[in-house]
Every structure is written in structure tokens, then in C-alpha cells.
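To start, the structure itself, in C-alpha cells.
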Amino acid sequence: MTDPQKVLTERVQQALGRAFGSEYADADPLIRPSQFADFQANVAMSLAKRLRRSPREVAEAIKAELSDFPGTVEVSGPGFLNITLADGWIASEADEMLGDKRLGVGLSTPPQTVVIDYSAPNAAKEMHVGHLRTTIVGDALARLHEHVGNTVIRQNHLGDWGTPFGMLIEHLLDIGEPTAIAQLEAGQGTEFYQAARAKFDSDDDFKARARKRVGTLQSGDPETLRLWHVFMDATVRYFNKVYDLLGVTLTDADIAGESMYNPMLQKTCDDLEASGTAKISEGALCVFPPGFTGPDDKPLPLIIRKSDGGYGYATTDMAAIRYRVHDLKADRILYVVGSDQALHFRMVFAAAKMAGWLPDSVSAEHVQIGMMLGKDGRRFKTRSGESVKLMDLLQSAVDKAYALIAERGYDEETRKEIARAVGMAAVKYADLSVSHDSEYVFDLDRMVAFTGNTGPYLQYAQARIRSIFRRGGLDPDDATGPIRLGAAPERALALQLLGFGTVVEQATELSEPHRLCAYLYATASAFTDFFEQCPVLKEGVDPETRASRLALCALTLRVMETGLNLLGVPVPERM
């Protein structure tokens, strides 16, 4: 089966070539959904001046070359082409889609190795709401790329190294390993850090010990490294609780923190300096990528090694990009990181190109993540002005969902299971349904609603389809049609379903999961219209119509489940 919009694009381009010559065959037909037909092609308006003919005359010439089209083509207004597909063609394509395990989603040709850098919490502190978007957007992109046949290498670039670990390890020793482990596993990383910081600021002896510990850590002292592992292992166990609740696919094998690149940093500096890419400026080793200037109009430096000999984020990121290209053999690298890091990554990519570490054959892209806002339009924080713990936020969503389904008659275990799925769908879908570089307001009441463009609404749509098959004592896999279109809602639903493959491919290629969200919401809405106007199991529905409508239900269910799974949104069988 083929997405109707793809079919129309190809057919109109062929008509352009026949009508006006091969040089016009690659023009964009400008095909859009239309309220007057299925689609509208506006290419005649854009080509008229170039062809020195009126738009309507151009449109009539295109129409004449579409005589074998499976539907009708009409010229309207000054030169719009209104295109309506034949019901039989739509039904035939939907039947083919029903028999396709991949539902029309193509595979990347050739397949790529895609490295995705996402989540990346700071091990010295608690996971907070700022990590939510990078985690779930990155995970959705990983799922999408794997679905289209790419090899995905997840990279959880933890903040797990640096000077704060001197005071964190000393604080761990002061309170004892068992107490420290218990706190860290319980998600009290921020409290742990604050206690260590308070001692560092007020106790000169502790400060001296902490600074000395930094040196032993960086020198690879075995006992210090053991203590660092105690701290990190407990912290990662807590991170994994958050990942498990969210249902993301990150594992310990995906951890590639700052510590991993520590042995590479000296060579990174030496190689950049030796090649002339970096030079000493005011005591620091810097790269000056062309085109970047500061407020004073002077070249802006990317500092690779500080004047005191220390390394920073740029050092690690330069080492990481070389490792990902050279060792991981990446074709494409996606950095799912906050928008506030845009300048940093533009400079890192430019510096890597200068050094020859990022060839033209490899694409490095910053998938910018916008800020989450509270209802007051400001950065989302607690009433006391602190960052909200991510686990607390997620648990509040589950609690809200639990209360909403209180009267539905489920046993306690089922109610908890559904509440968890609904709560996570609410949070994840609300985030993914807006463009990743946009800000959005976190409004839990709206997110958990079972109506409107929400995760629970989409979950409810697929659960409602399952209930149809349960009531009929049928298996969705046994609903094979054939599909026949009679009522308008049947036709609208079938036409909507045919666009699934293209939307998945676009969301993957453009790193825009919100496109898939918008498609799934439109699909759920089309199914709601169908459900309300087209009886499936009702007495009096003839066998052929019943078989067709069951097939449409089964196809919708598969599209909804597949799409939600690609977004990482759970799909409970009952709501």
C-alpha cells in the first residue's frame, strides 16, 4: 500500500513532465489535504508565471494528463486542482495495509548507525523535571530509528566526574557507606550534595580533604575509585527506578558518562594543538571556529583546556564526537539536549569539522529541547523555588490517574496497573505532542483528561477497539475483511490510516515525534466518528459490512498500538 499523498505527488509530477517537459517533472505539486476534496494541488499557481500561462490554463493542462487517475480531478477557482480518490482504490490499499506486518512503514536504505545522546542526568544531584524531556524525546527517537531498520547506539552521557566528587566521596566516608547508599538509592542525591557542599563551605578540614580526594580520584587511586563506584552504583540504581517507571529503554550498558572520556582528554588537547586547530590564547587552549563572535565582535573561543590546566564540557564533547565517529562508526549523531546549549554545540560541531573529526559523511545534529513551564508561565519549580524531583512529578501523575479511575470497578492490582500506564501516558504524550524545541506548560489536570489531545484519550481509543473484539468473542488478527467503504466515516478512517508509513518516516528523519502524535490524535478522532456512526456488532448489520468494519477496527488498533509504542506510550488493554 502507498500513502495517498505520495501517490498523488508522483502522479502529478509525471503529469507535469508530460504536459510541460521533463524539466518540470521534479516540481513540488504542493499537495495538501482539502475541505473541498481529499487533497488539493496548488502547483499551477506557482508555475503559472514561469510558464507564462494563466494558473487555470496550467491546471487544465495538468488535469488532462491525469485521465487514468483512480478518482476525480477538478479545477476550481483561479487554478486549484481538487483531487478525490476512488472509494475502491482506498479500500484496496487499506486491505493491502491490513496484510502488511509493517503497516506501510519503509526501511532505511541503506540502514544507518545512529548514535543518540540523551537523558544525561548529573550523578552529583537528583534527576529533576529538566531531565524529563531529554529522556523521553531521546527514547522516542531511538525507538523510531530502530523501527525503520537503523542501528541505534544509545549514549547516556552522565555527569559522573569532576571536582564535586571529591567532596561527595568525603561526605560518603563521613556518614558511612551503608547510610550513603541508602540515601542515594532513595533518590536523595540533591540532599546528599547539599550536605556535602555545606561542609565544604564551612569546614576547612573537610575542604582540604575534598580537594585532596579530587587529586587521588583523577590519578586513579584504587581505594578512591572503589568509593566512586560505590557512589555511582547506588546513584544509577535510583536512576533505573525512574527509567523503569517512565518505560524508557536505557540500560546500564548505555552509560557513557564523562568518566569514560577522561583518559582521552589529554590526547584530545594534544592532537588539536598539533594539527593547528587549537592554539593558546590568554593561557588557555582554544579553538576559534569561523563565524562565531562575542559581544565585542572578537572571535569567540571554544575553550578546550582552561588556563589552569583543567578540562571542561568542550573537551569532553570533542573527545566524544571523535569517539562516536571513529569507534562507533556513526552515520548520524543526535544530541538531545536543552536549547540553551545551542551555541555550544554549534561551536563543537564546527571545531570537529575543522579538526577533520566530523566528516561531511556524518551528520551531527542538536535536537533542541525547550523548557517546561509552570501554569504561571515560568520555569517549572516547587513553591519554594527548587527544581521538582522527577520521581515526585511522575508519582503525582500516577496518583491523579488512580483517583480518576476509582469508580470503574477494578480490583486494586488492576487499578494500580492502569493508573501507572495512564499517568505515564499523560506525562509522556503531553511532552512529545509539542515540537521538541518549544516551551510548554505542565498542567497535570489537562494531561490526564480522557478527552482532547491527550495520552489517555489515545489509550482509551485503542482500549475501546479491544472491547469491541472482546464483546464479539473475536481475535483482532482474525479480522481480515475485505474492507468495503460505504458510509463517510468509514472512508475518512481508511484514508487516514493510509498515511501512517509516511508519518513515521518523516518523524524519524526530521527528529520530530510530535508529527506522529498529531497523526495518532487525528486517527483516534476519525475512529471516534466511525465508532459513533457505523455499528459493528449491532444486530441487523449484514455480514459483509460487519467483516469490513471489524477489519477497519483491527487495522486502526494495530496503527494506534504501533504508533504509541514508537512513542514509548504504554497501551493498556482496559481503561
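The values are calculated or read from the model by the stated rules, or taken from the named source; none is laboratory data. Values in this document were obtained by computation on a predicted structure and should not be read as measured data. All Cβ positions, glycine included, derive from the backbone under ideal geometry; neighbour counts span all protein chains shown. We work out accessible area using only protein heavy atoms, side chains counted, and drop any ligands, DNA or RNA first. Shrake-Rupley method; radii C 1.70, N 1.55, O 1.52, S 1.80 Å.
Before anything else, pin down the relative contact order of segment 250-394: Cα pairs under 8 Å, at least 6 apart, normalised by residue count, whole percent.
18 percent
Given H placed on each backbone N at 1.01 Å, which residues far from Arg305 in sequence or on other chains put an amide H within less than 5 Å of it?
So Arg305 has HN proximity to Leu285.
How much of the pair distance distribution for segment 29-135 lies past 17 Å, counting alpha-carbon pairs only, in percent?
The answer is 71 percent, as a whole percent.
Largest first, how would Asp87, Asp68 line up by accessible area (1.4 Å probe)?
Solvent-accessible surface, decreasing: Asp68, Asp87.
Could you rank the peptides 181-189, 433-441 by their average count of other C-beta atoms within 10 Å per residue, with the highest value first?
Output ranking for 181-189, 433-441: 181-189, 433-441.
Report for segment 283-405 the percent antiparallel among DSSP-assigned beta bridges with both residues inside it, nearest 5.
50 percent
Could you give the dipole magnitude of segment 22-131 about its Cα centre, charging the beta-carbon of Lys and Arg +1 and that of Asp and Glu -1, in debye to the nearest 20?
Roughly 520 debye for segment 22-131.
With a 1.4 Å probe and all protein chains kept in place, how much accessible area does Thr528 have, in Å² rounded to the nearest 10?
20 Å²
Please give the length that would be gained between Gln35 and Ile175 if that part of the chain were fully extended, namely 0.36 nm times their separation in residues minus their C-alpha to C-alpha distance (nm, one decimal).
Fully extending the segment from Gln35 to Ile175 adds 43.5 nm.
Long-range amide H contacts for Val441: which residues qualify at under 5 Å (H placed 1.01 Å from N, peptide plane, sequence gap of 5 or more or a different chain)?
Leu373
Note down the magnitude of the dipole of segment 167-276 about its Cα centre, charges +1 on Lys and Arg C-beta and -1 on Asp and Glu C-beta and zero elsewhere, to the nearest 20 debye.
Computed charge dipole of segment 167-276: roughly 140 debye.
How big is D, in µm² s⁻¹, for segment 189-287 by Stokes-Einstein at 4 °C and 1.567 mPa s if Rh is the Kirkwood radius over C-alpha pairs?
The diffusion coefficient I find is 76 µm²/s.
Leaving out ligands and nucleic acids, note down the accessible area per residue over segment 241-332 with a 1.4 angstrom probe, in whole Å².
For segment 241-332, the solvent-accessible area averages 50 Å² per residue.
Can you bin every Cα-Cα distance in segment 417-507 into 10 Å intervals starting at zero and give me the percent of pairs per bin, rounded to whole numbers?
Percent of Cα pairs in each bin: 13, 31, 36, 17, 2.
Taking 0.36 nm per intervening residue step and subtracting the Cα-Cα distance, what contour gain separates Thr151 from Lys279 on full extension?
42.4 nm
Hey, any idea what Rg/Rh is for the chain, computing Rh the Kirkwood way over Cα pairs?
A ratio of 1.04.
How much of Met264 can a 1.4 Å solvent probe reach, expressed as accessible area in Å² and rounded to 10?
60 Å²
Find the centroid of the Cα atoms in segment 444-476 and in segment 227-302, then give the distance between the two in whole Å.
After rounding, the separation between the Cα centres reads 43 Å.
Tell me what the chain gives for mean residue ellipticity at 222 nm when only DSSP H runs of n ≥ 4 count, each as -39,500 (n - 2.57), the sum divided by the residue total, rounded to 500 deg cm²/dmol.
Calculated mean residue ellipticity at 222 nm is -17000 deg cm²/dmol.
Rounding to the nearest 10 and keeping the result within 0 to 90°, find how far the Cα-based axis of helix 87-98 lies from the longest principal axis of the chain.
Taking Cα atoms only, the helix is inclined about 40 degrees.
Convex hull over the Cα atoms of segment 5-87, averaged projected area in nm²?
Dividing the Cα hull surface by four gives the mean projection, 4.8 nm².
Based on DSSP, what percent of beta bridges with both residues in the chain are antiparallel, to the nearest 5?
So the antiparallel bridges amount to about 55 percent of the total.
Using the Karplus equation 6.51 cos²θ - 1.76 cosθ + 1.60 (θ = phi - 60°), what ³J(HN,Hα) coupling, rounded to whole Hz, does each residue of segment 543-553 give in order, writing x for Gly and Pro?
Residue by residue, segment 543-553 yields x, 5, 5, 4, 5, 5, 5, 5, 5, 5, 4 Hz.
How are the alpha carbon pair distances in segment 473-536 distributed across 5 Å bins from zero to the largest one, expressed in percent?
Bin by bin from 0 Å, the calculated values are 3, 16, 20, 20, 18, 12, 7, 2, 0.
When the convex hull of the C-alpha atoms of segment 248-369 is computed, what volume per residue in Å³ does it have?
122 Å³
Could you run the Karplus curve 6.51 cos²θ - 1.76 cosθ + 1.60 with θ = phi - 60° over segment 174-191 and give me ³J(HN,Hα) per residue in whole Hz, x for Gly and Pro?
5, 8, x, 4, x, 5, 4, 4, 4, 5, 5, 5, 8, x, 9, x, 5, 4
I need the shape label for segment 300-353. Rule: rounded when a/c is under 1.5, else prolate if a/b > b/c, else oblate, with a, b, c from the alpha carbon gyration tensor.
Judged from the Cα gyration tensor, segment 300-353 comes out oblate (a/c at least 1.5, b/c at or above a/b).
Can you tell me the relative contact order of the chain? Whole percent, Cα pairs under 8 Å, sequence separation 6 or more.
15 percent
Could you state the accessible area per residue of segment 511-575 in Å², with a 1.4 Å probe and every protein chain left in place?
38 Å²
Using modelled backbone amide H atoms (1.01 Å from N, in-plane), which distant-in-sequence or interchain residues come within less than 5 Å of Asn122's amide H?
Long-range HN contacts for Asn122: Gly159.
Report in % the part of the accessible area of segment 354-512 that belongs to carbon and sulfur, leaving out ligands and nucleic acids; probe 1.4 Å.
Using a 1.4 Å probe with all protein chains present, segment 354-512 comes out at 46 percent carbon and sulfur.
Hey, what angle do you get for helix 513-533 against the long axis of the chain, alpha-carbon based, 0 to 90 degrees rounded to 10?
Roughly 40 degrees between the two axes.
From the phi angles alone, apply the Karplus equation (6.51, -1.76, 1.60; θ = phi - 60°) to segment 475-484 and give each ³J(HN,Hα) in whole Hz, x where the residue is Gly or Pro.
The phi angles translate into 9, x, 5, 8, 8, 10, x, x, 7, 10 Hz.
Sticking with the crude label model, points 7 Å out along Cα→Cβ, report the distance from Leu51 to Ala449 in nm, one decimal please.
About 4.6 nm separates the two model spin labels.
Among Ala59, Pro70, Ser34, pick out the residue whose Cα is farthest towards the positive end of the charge dipole of the chain, where Lys and Arg carry +1 and Asp and Glu carry -1 on C-beta, about the Cα centre.
About the Cα centre, the residue reaching furthest to the positive side is Ala59.
What does the accessible area of Arg466 come to, in Å² to the nearest 10, when a probe of 1.4 Å is used?
Surface open to solvent at Arg466 totals about 60 Å².
With N denoting the number of residues in segment 431-575, provide Rg(C-alpha) divided by 2.2 N^0.38 Å, to two decimal places.
Computed over Cα atoms of segment 431-575, the ratio equals 1.08.
With the other protein chains left in place, how much accessible area per residue, in square angstrom, belongs to segment 1-96 at a 1.4 angstrom probe?
50 Å²
As a test of reading the structure, rank Arg332, Arg32, Arg378 by solvent-accessible area (1.4 Å probe, protein chains only), most first.
Arg378, Arg32, Arg332
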